[in-house]
1. Read through the list (1) touching a Lys or Arg at 6+ places or on another chain (Cβ under 9 Å); (2) within 16 Å of ligand 1 (Cβ to nearest atom); (3) more than 21 Å from Ile260 (Cα to Cα), then give the number of the only condition that Leu161 fails.
2. Restricting attention to the stretch 185-209, which residues are aliphatic (A, V, I, L, M) and either away from ligand 1 (no atom under 12 Å from the Cβ) or out of contact with any strand residue (DSSP E or B) (no Cβ under 9 Å at 6 or more places or on another chain) (or both)?
3. For the stretch 34-43, check the following and say yes or no: at least one residue is more than 24 Å from Lys197 (Cα to Cα) and acidic (Asp, Glu).
4. Do any helices (runs of 4 or more DSSP H) lying entirely in the stretch 101-202 carry at least 1 residues that are away from ligand 2 (no atom under 16 Å from the Cβ), under 21 Å from Leu309 (Cα atoms) and over 22 Å from the mean Cα position of the chain (by Cα), and which ones are they?
5. Please note which helices (runs of 4 or more DSSP H) are completely contained in the stretch 206-314 and include at least 2 residues that are open to solvent by less than 10 Å² (accessible area, probe 1.4 Å), assigned by TED's automatic domain parsing to the domain that holds Lys133 and within 23 Å of Cys122 (Cα to Cα).
6. Let me confirm something: among Gly123, Gly102, which residue is at positive phi, open to solvent by 10 Å² or more (accessible area, probe 1.4 Å) and modelled with pLDDT of 95 or more?
7. Of the residues Arg262, Arg242, which single one is basic (Lys, Arg) and in contact (Cβ under 8 Å) with a residue 40 or more places away in the chain?
8. Is it true that Arg128 is out of contact with any His (no Cβ under 9 Å at 6 or more places or on another chain) and within 13 Å of ligand 1 (Cβ to nearest atom)?
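The values are calculated or read from the model by the stated rules, or taken from the named source; none is laboratory data. If you're wondering where the values come from, they're calculated on a predicted model, not measured in any experiment. Cβ coordinates were reconstructed from backbone atoms using ideal geometry, including for glycine residues, and neighbour counts include every protein chain displayed. Each accessible area value is taken on the protein alone, full model and side chains, heavy atoms only, with ligands, DNA and RNA left out. Shrake-Rupley method; radii C 1.70, N 1.55, O 1.52, S 1.80 Å.
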Amino acid sequence: MLIAIHPKASDKDLANVVQAIEKMGLTAQLVLGNDRMAIVVKGDAKTEEFVKSLELLPAVAEVTVAEQQWYLVGRKFCSSDTVVQVGQSRIGSRHELAIIAGPCAVESAEQTFAVADVVAACGIKLFRGGAYKPRTSPYTFQGLGLEGLRILAEVRSRYGLAIVTEAMDEESLELVDEHADMIQIGARNMQNFSLLKKAGRSSKPILLKRGMSATLDEFLLAAEYILAEGNPNVVLCERGIRTFVNHSRNTLDLSVVPLIRRLSHLPIIVDPSHACGIRELVLPLARASVAVGASGVMVEVHCNPQEALSDGQQALLPEMLAQMCTQLRAIHSAVLEKT
Ligand code: PEP
Ligand code: MN
């Protein structure tokens, strides 16, 4: 249940709402949006009588009851676009195109700095690289862990790049929170609800990737978990879904980009690298992502992809990254003019 609060409600009237909720044995959580205040009621609170009694309270503007529904991520709760600040970047701002680039995994300081050099030279402000890698096989490279996070922190101080890296579980989330500027929750963890709740209690922005078989509602509900814990800074990322095709790693579902922009105030970016798994397809799919209205893209880059310890086949070469940046910036300007 979501209770929208009148913007001019007094503290006393607000306290009365909380009291009425707690009297029913339920939990009330105050959530502040960009332009609205609301209370999320946690627990089973569906009786009509209870809803009516809440609607009579002076602080209450509207009560919405819908099971399996997202509220806080929706345009109804917050009509203006959420802009998520990460380092110097404002992801979701109409005037900015966010490009996040870097290797799939942090393999060594040398490899990571070499890619950071290329990324910074392209004028990109956001650097990615996994220290904790969710690999399909337990026998493949699993990431450098804490050592990888320290290398990423060094990238920040040497190159002035903001760091985006994945937290795979609750333990790594604490370490990523300490070292990174943005915490990535990967596709495989999109419905790891305890991890989402913990991310919701972090003060760092979250990059939430769509699960490989998640519906649009499930994706938005996963983001709702984070917002419901009090963290409003969530960026969504479409990264391809699993379908019957075998010509590419996944199938990029670009239809969610305009749909999410219509339904939600959260920024949506696209990861064409994991969506296709093929280097030559990354650029055209990145162009399409920006054309369809994405607030940015996240791509993998490697200076020596044939030696990469993960996802070498989809890594852009340095010159391809530079080309991509030029093309995407032009498309973004054209889209801005038309919308
Ligand atoms: C990644 O971005 O490093 C990654 C593992 O992607 P995904 O969770 O989308 O598979
Ligand atoms: Mn990868």
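1. Evaluating Leu161 over (1) touching a Lys or Arg at 6+ places or on another chain (Cβ under 9 Å); (2) within 16 Å of ligand 1 (Cβ to nearest atom); (3) more than 21 Å from Ile260 (Cα to Cα) leaves (2) as the failure.
2. Answer for the stretch 185-209, where residues must be aliphatic (A, V, I, L, M) and either away from ligand 1 (no atom under 12 Å from the Cβ) or out of contact with any strand residue (DSSP E or B) (no Cβ under 9 Å at 6 or more places or on another chain) (or both): Leu195, Leu196, Ala199, Ile206.
3. Taking every residue of the stretch 34-43 in turn, none turns out to be more than 24 Å from Lys197 (Cα to Cα) and acidic (Asp, Glu).
4. In the stretch 101-202, the matching helices (runs of 4 or more DSSP H) lie at 109-121, 146-159.
5. Of the helices (runs of 4 or more DSSP H) lying wholly inside the stretch 206-314, those with at least 2 residues that are open to solvent by less than 10 Å² (accessible area, probe 1.4 Å), assigned by TED's automatic domain parsing to the domain that holds Lys133 and within 23 Å of Cys122 (Cα to Cα) span 272-276, 279-291.
6. Just a single option satisfies the conditions, and that option is Gly123.
7. Only one candidate qualifies: Arg262.
8. yes
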